[in-house]
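Enquirer: Shown below is the structure under consideration.
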Ligand SMILES: Cc1cc2nc3c(=O)[nH]c(=O)nc-3n(C[C@H](O)[C@H](O)[C@H](O)COP(=O)(O)OP(=O)(O)OC[C@H]3O[C@@H](n4cnc5c(N)ncnc54)[C@H](O)[C@@H]3O)c2cc1C
């Protein structure tokens, strides 16, 4: 074909291609900017209001509680009165009806201020089990009281001493007997049980048989612990390396009204799973808050502390670990934001929520380690709060789900590798 003919044929195609390319670029740009605007907002007003509240509970408040293994009742009361713990409860039930990203901002800010939301964070995600799967009667009975603060739903009883991470093997039984269930068994690490009125309890209602999936036949009951204590329910505190108000709980022929079954009998595992994304994202936000607090403290100390006649922060051996911890915190924060964005688009961000939790827990753990190293001997002294945060951040490598289990999830469900357990 002569070059002139070829040019004539190609030329319109080329022009068409250029036009199509420009249109596609414009669409791509539009989608990109649209996606950017879909990122959860920063909630600056909420953050500054929460930060102001937290100023009333400085380091010496948390240190005293830590020393005494005491529950931060004043802090939890202040958060409740200000309505922050009801942020995610829909307006119909007396809450603020805010999205999960607002809850994440509240919890991050508490940790960013050096505090700890572990004493009350569960109310934000355990409430979701009741909200999503409870009957209208259950919701209107409990949610308004939780929203106004006259009822506390802080306890979540899933883990057992013999089953651990293998939830399907749990042994606590609930047997229907007329108009109530009779519950027998034991839970461990049931945090805040002594400071909660209600507990979301996962128990086996159908005996496990060989041909049955072990996650079937489990049910969720809402236990009113005010009536139950001393009537079949015993709570024993467990002292841990950080102040977490955790307990073991014993059930001995505890009667729970059949009307307190949440959703359908036997489907409880699904209900618990459905709340896990929110739980992982909220805990990840706390870890980001911890990492930010630790990095701020570390930077200030590195600038102020003078050894060999100059600030220790002038040495790259001090700067680089802090800079790396900062970079890792920012990367984890982006994953938290991505998980929130997908969650709020009603997608199922299982992978993103798990990755957010793992990366944020790693970031806070790294920031705590770098802080102790930078503070030198003072990192071990109670009055700097660094050793307290070092202990507190360590928890999130194990609970509410351990790093290994997240890696197993990613290996199997994202990468398609064989199930390892
Ligand atoms: C302070 C605290 C508060 C808690 N609060 C609550 C609460 O309120 N409610 C509640 O129900 N639970 C709570 N937990 C329990 C927590 O969720 C569990 O501790 C956690 O899920 C790990 O379970 P486990 O301790 O039984 O460890 P195990 O299951 O015994 O595991 C021990 C170790 O082995 C690893 N492992 C186990 N199986 C595998 C595998 N297949 N592959 C690779 N590694 C594996 C785990 O990752 C872990 O590191 C809390 C725990 C703590 C410490």
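Enquirer: Exactly one condition in (1) within 16 Å of the ligand (Cβ to nearest atom); (2) more than 17 Å from residue 289 (Cβ to Cβ) is false for residue 391; which is it?
Expert: Condition (2) is where residue 391 drops out.
Enquirer: Something else: Which ones in the range 273-309 are under 20 Å from residue 379 (Cβ atoms) and either outside any helix (DSSP H, G or I) or in contact with a strand residue (DSSP E or B) (Cβ under 6 Å, 6 or more places away or on another chain) (or both)?
Expert: 303, 305, 306, 307, 308, listed by residue number.
Enquirer: Here is a further query. For the range 143-164, give me each residue that is within 16 Å of the ligand (Cβ to nearest atom) and either more than 20 Å from the chain's Cα centre (by Cα) or in contact (Cβ under 8 Å) with a residue 12 or more places away in the chain (or both).
Expert: Selection gives 152, 153, 154, 155, 156, 157, 158, 159, 160, 161, 162, 163.
Enquirer: Looking at the range 119-130, can you tell me whether even one residue there is more than 16 Å from the chain's Cα centre (by Cα), modelled with pLDDT of 95 or more and not in a helix (DSSP H, G or I)?
Expert: No.
Enquirer: Which of the residues spanning the range 165-198 are in a loop (DSSP other than H, G, I, E, B) and either farther than 18 Å from residue 270 by Cα or more than 7 Å from the ligand (Cβ to nearest atom) (or both)?
Expert: 170, 171, 172, 178, 179, 189, 190, 191, 192, 196, 197, listed by residue number.
Enquirer: Among the residues of the range 50-101, which ones are within 23 Å of residue 142 (Cα to Cα) and not in a helix (DSSP H, G or I)?
Expert: 82, 83, 87, 88, 89, 90, 94, 95, 96, 97, 98, 99
Enquirer: Identify all residues within the range 402-420 that are within 8 Å of the ligand (Cβ to nearest atom) and in contact with a helix residue (DSSP H, G or I) (Cβ under 7 Å, 6 or more places away or on another chain); write none if there are none.
Expert: 403, 420
Listed here are the residues, each with its yes/no results for (1) surrounded by fewer than 18 Cβ atoms within 10 Å (Cβ to Cβ); (2) in contact with a helix residue (DSSP H, G or I) (Cβ under 8 Å, 6 or more places away or on another chain).
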| position | (1), (2) |
| --- | --- |
| 327 | yes, no |
| 340 | no, yes |
| 346 | yes, no |
| 352 | no, yes |
| 356 | no, yes |
| 377 | yes, no |
| 383 | yes, yes |
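The values are calculated or read from the model by the stated rules, or taken from the named source; none is laboratory data. For clarity, every value in this text was computed on a predicted model and none was experimentally measured. Glycine also receives a Cβ, built like all others from the backbone with ideal geometry; neighbour counts cover every protein chain displayed.
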